[in-house]
Structure formats: structure tokens, C-alpha cells
1. Can you tell me how much longer the chain between Gln73 and Arg180 gets when fully stretched, taken as 0.36 nm per residue apart minus their C-alpha distance, in nm with one decimal?
2. If the cut-off is a Cα-Cα distance under 16 Å, which aspartates and glutamates reach Lys58, setting aside same-chain residues fewer than 8 apart in sequence?
3. Can you give me the C-alpha center-to-center distance between the stretch 106-177 and the stretch 66-88, rounded to a whole angstrom?
4. Relative contact order of the chain: what whole-number percent is it, with Cα pairs under 8 angstrom and at least 6 residues apart?
5. Which of Val133, Ser114, Thr54 sits farthest toward the positive end of the charge dipole of the chain, with +1 on the Cβ of Lys and Arg and -1 on the Cβ of Asp and Glu?
6. Work out from phi, with θ = phi - 60° and the Karplus expression 6.51 cos²θ - 1.76 cosθ + 1.60, the ³J(HN,Hα) of each residue of the stretch 173-190, listed in order in whole Hz, and give x for Gly and Pro.
7. Mind checking the dipole of the chain: about its Cα centre, +1 per Lys or Arg Cβ, -1 per Asp or Glu Cβ, Debye to the nearest 20?
8. Using +1 on the beta carbon of Lys and Arg, -1 on that of Asp and Glu, and nothing else charged, what's the dipole of the stretch 137-207 about the Cα centre, debye to 20?
Amino acid sequence: MVKGYKYFLFDLDGTLIDTKDMIYLSFDYVLGKYLGRSVSKEEIDNQVGIPLRTIMEKYFSGSKSEKIQEIIQDFHVYQRDNLADTVTLFPGISEVLQVIIASRKKCGVVTSRSGSSTKDFLKRLGLESMFPVCVTVESTTHHKPHPEPVEYAMSLLGVQDPSEVLFVGDSEFDIEAGTRARVDTALALWGLFDSYEALVQPKYFLRSPEDLLSYCVTVQ
């Protein structure tokens, strides 16, 4: 028997939308401009799921808060003006979401991306109406892998029973956050990573978005 869920929470980058190249090129731009250094894709991949400000504070540890905010703003402007059109939905995501919504399930986004950037991408890619709840980096004090973002999303959706929720993400931060919030988790293997070796394991491994329908939506 396959369990049906009433609520679906999704990470954004690497789960719903493909931003891998955009993120790498944006970091390469700001680190080259302000530090005179290049960055490898592997270095950026290893920081997936960490809030942008936390990453920038590491790279620019000797800088004042105002300077770091200036660099973050430059990062976002560069993305918007040069790379936004490179972002796409992963194949199958739109169709799967339409089935979930048609089945009268409720959906939300839980991301470490900023609210303005999240809203812009959801609108640009035609997903805005599908997600009445979006928990972004400004929404909570703590961030993934802390459970607070997932718990806050559940409160906004009116969830009474965490067992009715499935959280889908592509990183160990997502899986740990969901597990600590006492919801079932599913790892999206169509994004940045095609394997997973973290200590906290998901309930489901999804090779494609369509697997979400096969394993987690209908009860057979």
C-alpha cells in the first residue's frame, strides 16, 4: 500500500527549478569582482541549501555587515540582469504539480532563497498560484537543517498531523529539517545530486518527478 499525503512541501532550487549554472556563475562573478579569485563548481555544490548571507559571511569574513549586504545585492542584480532566463523547471515538475493540485492537495515552498527572488522565479515560471505558502530565508529565525522552516510552513497550511505531510528536497539539509519536524521526506535525485550518503535518510528516493505520483499521492 502506498501512502497518500494531504500536504506537500518542496524545496525550490534543485527540486522544482534548475538553478545550478546560474548560482555557480553568480558566485564566480562576485568572488572574482571583490576577491579576485575564481571558484569551482564543486565548491559551490558543497554549499547547497545554506542561506546566501551565511555563505557570503564566510567568504567576506573581514567585511562589515553593510559591505556584505552590498555584495549580496550585486549578486542578485547580476542574476536578474544576466542569468534569470537560464532558469527552468525540471522536466515533469509542472505536470506533476498540476496533478497534485487537481487532487485537492495543498502545497508549499520551503527555501533558503530570499522572498523577493523566490516570488520572482515562481511567477516567471508559472508556479505562483500553486504555492499559497512560501517560507523563505526571511520567514524564520533558524534555517534548514533546523526544523523551524518546515514547522512554520505547516502552521501556515493549517496542518494538524505531521504524518499527513511529505517534504521533497534535494539536499541533506532538506531531509534533516523534515525529519526533525516529524514529517516524511523524499529525496529528489533529478537535481544536483544523483546519490546520497548522509546520516539522516529520507523515506523515499525519487528518480524523477513522476515518481512522486507513483509512490506518494494515491493510495492503492
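1. On the way: separation 107, 0.36 × 107 = 38.52 nm, distance 3.22 nm.
Taking 0.36 nm per residue and subtracting the Cα distance, the gain is 35.3 nm.
2. Straight-distance partners of Lys58: Asp28, Glu43, Asp45, Glu66, Glu70.
3. 22 Å
4. On the way: 348 pairs, mean separation 63.9, N = 220.
Rounded, it is 29 percent for the chain.
5. Positive-most Cα among the choices belongs to Val133.
6. 5, 5, 5, 5, 4, x, 4, 5, 8, 6, 10, 6, 10, 9, 9, 7, 9, 8
7. Numbers: 23 positive and 31 negative charges, 93 e Å.
Roughly 440 debye, rounded to the nearest 20.
8. Working: 5 positive and 12 negative charges, 21 e Å.
Charge dipole of the stretch 137-207: 100 debye, to the nearest 20.
A short reminder: the numbers here are calculations on the coordinates, not readings from a lab. It should be emphasised that the depicted structure is a prediction, and the values quoted were computed from it without experimental measurement. Using ideal geometry, Cβ is built from the backbone for each residue, glycine included, and neighbour counts are taken over all protein chains shown.
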